[in-house]
Each structure stands twice: as C-alpha cells, then as structure tokens.
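Nothing in this text is a laboratory measurement; each read-out follows from the coordinates by a stated rule. Just so we're clear, the structure is a prediction, and the values are computed from it rather than from any experiment. FYI the Cβ positions are ideal-geometry reconstructions off the backbone, even for glycines, and counts take in every protein chain you see.
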Amino acid sequence: MEKDIDAEQEHRSPTVLLESIIRSVSERIDPSPQSWSSKYGANYENEKFSIHRYCWCEEENCPWCGPSEMPNFHHKPTGIKVWWYKYIGRGMNVSRPPTLSECSSILTDALSSIPNSPE
Ligand SMILES: [Zn+2]
C-alpha cells in the first residue's frame, strides 16, 4: 500500500489521492461487485473513520440530506471530511486539502481498523 502512494504522489494531488483511498476503503468494506462500492462508497463507521454513500432520501431529519449535512467520509484523527454528489469524486468537497502524510495515515487507519479484512 505504501508503494502505491509513492507511485501516485508524483502526478496526483493529495485530494485526488484521497479520492482513490476512499474508493479502496469502500471496496474493502463492501467487496460485492453488485454494490459498486468503489463508485458509490459504502456505509460504515468505527472509532477511526466513518463513510456513508450519497443519500437520496431528501428527508429534513436525515443526517446527510438535512441541515446537519453529515460528511460522506470523515477521518476522525485528522478531522478531514469529504462530501460528494451521488458518486465518489463528483462535485467533491473536502473540509481542507490533506497533506500526503495525512493521506497515508488515512489509508492505514481505515484499512487497519476494518475488522476481518483480507490479508
Ligand atoms: Zn437522506
């Protein structure tokens, strides 16, 4: 995984790198091909991070659609929050651009904190 980051950091901004991290983490959470998790994300939360697919319900009391506008991805140790529109990468907003070392810890934290992950 470290190697992947090194290979990508030469020509990719941290925000684009963060997008690919979120895709990998989503696939790890929900590897079922029919879930399209690398495109849409997955729903999961633990002490390190939370992730939630774009919500279409438009209910006022929904944490994602209502006034609280919960992020679609939140890495708790760095406080970095990400929102996207319908699928990962589209109309993506980041609370602040992550540094490359933060990208690395987001990936490590997320993958190591998902239980029963392969490897
Ligand atoms: Zn909703």
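Things to note:
- Residue-wise HN-Hα coupling along the stretch 23-36, computed from phi with Karplus coefficients 6.51, -1.76, 1.60 (Hz; x: Gly, Pro): 4, 5, 5, 4, 5, 5, 5, 10, x, 5, x, 6, 7, 6
- Net +/- balance of residues flanking Lys76 in space, Cβ distance below 11 Å, scoring K and R +1, D and E -1: -1
- In terms of its Cα atoms, the stretch 41-111 spans 37, 24, 18 Å along the principal axes, sorted from long to short.
- For the chain, the ratio of Cα radius of gyration to the globular rule of thumb 2.2 N^0.38 Å stands at 1.02.
- Here the sum of -39500 (n - 2.57) over DSSP H runs of 4 or more residues, divided by the residues of the chain, equals -10500 deg cm²/dmol at 222 nm, to the nearest 500.
- Amide hydrogen neighbours beyond the local backbone of Ile80, cut-off 5 Å, H modeled: His75
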